[in-house]
Amino acid sequence: MYSMISNPEEKPEELALDALFKEFYDRLVYFSLQLVRDQAQAQDIAQDAFIKYWQERDFVLANKVAVKNYLYSTVRHASLNVIRHSKVVDDYLLQQGTNEPEEHSIMDAIISSEVIAELHAAIDALPENYRVVSVMSYLEGKKNQEIADELGISINTIKKQKYRALELLKVSLSPELFGVVLLLDTVSF
């Protein structure tokens, strides 16, 4: 876990920006991406949220939860502004059927980005060969044969590595999150 205070002599409210960025950037990009549906814009919005936080950090409570809430709120507002003012508003309105996403869908997006971040962390903790196969299978959606061809190993090796990775993930993930991994696995062993 990252240290939240970069220097003990710093004011306690000044949380280390680099540690916050490492912990929350991917989650915020994913959250924004679900709203704006454009990777580059989502990345810009997430980066801008950190800049805004750093400029206004004196007005944000100096604890991780408050900073996290501030960042999510900033990304939410910026994403909604992009939706309202972008050239694709008409396409978005036709696709979504409303002026802006409902609060329920925004909460779903936050929860989804947190789940994805936790899943990524668990997969990143796997031994390298299991991690590579898991990323290709569960996160990239590749079939066992595609993975075997790409890595130059047998399909049986892929199946065994996926099975062992699932055993390790079952220990490290909550039952609910492990269920998500099982849903991602469309090929039976």
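At most 15 other Cβ atoms within 10 Å and a DSSP loop assignment: could you name the trypsin sites (Lys or Arg not before Pro) in region 105-189 that fit?
Filter output for region 105-189: Lys143.
Near Ile51, within a Cβ-to-Cβ distance under 14 Å, what is the net charge of the other residues, with Lys and Arg +1 and Asp and Glu -1?
Overall, the nearby charge balance is -2.
What does the convex hull of the Cα atoms come to per residue for region 109-189, in Å³?
Dividing the Cα hull volume of region 109-189 by its residues yields 82 Å³.
Apply the Karplus curve 6.51 cos²θ - 1.76 cosθ + 1.60, θ = phi - 60°, to the phi angles in region 64-73 and return the couplings in whole Hz, x for Gly and Pro.
Values, residue by residue: 4, 5, 5, 5, 4, 4, 4, 5, 4, 5 Hz.
Give Lys22/Lys160; Lys68/Lys143; Lys22/Lys52 a once-over and call out the pairs whose C-alpha atoms are over 26 Å from each other.
Lys22/Lys160; Lys68/Lys143
Under a Cβ-Cβ cut-off of 12 Å, what is the net charge of the residues other than Ile111 that fall near it, where Lys and Arg count +1 and Asp and Glu count -1?
Here the count lands on -3.
Values quoted throughout were computed directly from the atomic coordinates according to the rules given, and no laboratory measurement underlies them. Please read these numbers as outputs of a predicted model, since none were measured by experiment. No Cβ is skipped: glycine too gets one built from the backbone with ideal geometry, and neighbour counts run over all protein chains shown.
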